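Structure first, then comments.
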Amino acid sequence: MSQQQAIEAALREAFNPVFLSIENESHMHNVPAGSESHFKVQLVAEAFSGKRLVQQHQLVYGALGEIMQQIHALALHTWAPDQWQGDQAPASPQCLGGSKVG
Amino acid sequence: MDTIETIKQQISENTIILYMKGSPNAPQCGFSQRASQAIMACGQRFAYVDILSNPEIRSELPKYANWPTFPQLWVKGELIGGCDIITEMHTKGELKPLLDEASS
């Protein structure tokens, strides 16, 4: 299973999402072609209702567990269903070469 | 002092502290750059720790914080979030009031 498939499976299992989008953004970074190092997730789920953003993201990190150790970056955009107005996540930042220095 | 004690001391002694890759003037990661620029735009003094030159903190803070990635913004001893949350709060105009209130 690819990392992207593993992320999708874990999030679908944990959240039964209203909306889920996963993009591999590794091509924007200083990694070999075909890498699965940098991802962007947009997730709308009932579990986020009434929770602060920091708590929403902690739920996602908890659901991904070990997967977080295997990827370098996860841009994360979460909404409760009643806060979501379609795809509105901003573009992720470009690489500054960070993985080369650590 | 062990690393967790160092972290606790840093977040208790610095009202606003950003754990990041590189420094605000020379960030080493696009996520850290975006986060530090949003915080700098709010105009309050803040502390930062370069986790690339502090490998013990890089390794221990994610466990202490229950937050696996960097950057991490802490205000008054509480984790506010990473790049995406900092950026979203800044866009919505929520970051500056939070930092202003914390610094007052």
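The values are calculated or read from the model by the stated rules, or taken from the named source; none is laboratory data. Bear in mind that the values here come from a model prediction, so they are computed numbers and not experimental data. When we count neighbours, we look across all protein chains shown, and the Cβ atoms used for this are built from the backbone with ideal geometry, even at glycine.
Of the listed requirements (1) over 13 Å from the mean Cα position of the chain (by Cα); (2) over 13 Å from residue B:78 (Cα atoms), residue B:21 misses just one: (1).
Tallying residues that are over 14 Å from residue A:78 (Cβ atoms), surrounded by fewer than 16 Cβ atoms within 10 Å (Cβ to Cβ) and among the small types (Gly, Ala, Ser) within region A:1-34 yields 4. When the criteria are applied in full, residue B:48 fails the requirement of being closer than 20 Å to residue A:69 by Cβ and either in a loop (DSSP other than H, G, I, E, B) or more than 11 Å from chain A (Cβ to nearest Cβ) (or both). Restricting A:97, A:50 to residues that are within 10 Å of chain B (Cβ to nearest Cβ) and over 16 Å from the mean Cα position of the chain (by Cα) narrows the list to A:97. Criterion applied to A:96, A:76, A:43 was being of a type in the set (A, V, I, L, M), in contact with a His (Cβ under 6 Å, 6 or more places away or on another chain) and not in a helix (DSSP H, G or I), and the one residue passing it is A:76. Among the criteria (1) under 19 Å from residue B:89 (Cβ atoms); (2) modelled with pLDDT under 95; (3) within 12 Å of chain B (Cβ to nearest Cβ); (4) surrounded by 18 or more Cβ atoms within 10 Å (Cβ to Cβ), the one residue A:43 does not fulfil is (2). Counting only residues that are of a type in the set (A, V, I, L, M, F, W, C), touching a residue at least 24 places away in the same chain (Cβ under 8 Å), farther than 17 Å from residue B:95 by Cβ and surrounded by fewer than 21 Cβ atoms within 10 Å (Cβ to Cβ), region B:8-56 holds 1 of them. For residue A:64, indicate whether it is touching a Ser or Thr at 6+ places or on another chain (Cβ under 7 Å), of a type outside the set (Lys, Arg), at pLDDT 95 or above and farther than 16 Å from residue B:70 by Cβ. Judged against the criteria, residue A:64 is not a match.
The number of residues in region B:1-32 being outside any loop (DSSP other than H, G, I, E, B), in contact with a strand residue (DSSP E or B) (Cβ under 7 Å, 6 or more places away or on another chain) and of a type outside the set (A, V, I, L, M, F, W, C) comes to 6.
For region A:70-88, a tally of residues being of a type in the set (Gly, Ala, Ser), closer than 19 Å to residue A:15 by Cα and surrounded by 12 or more Cβ atoms within 10 Å (Cβ to Cβ) returns 2. Among the candidates B:57, B:80, the residue that is within 13 Å of chain A (Cβ to nearest Cβ), hydrophobic (A, V, I, L, M, F, W, C), touching a Ser or Thr at 6+ places or on another chain (Cβ under 7 Å) and within 24 Å of residue A:60 (Cα to Cα) is uniquely B:57. Among the conditions (1) facing another protein chain (nearest Cβ under 9 Å); (2) over 21 Å from residue B:23 (Cβ atoms), the only one that residue B:97 does not satisfy is (1).
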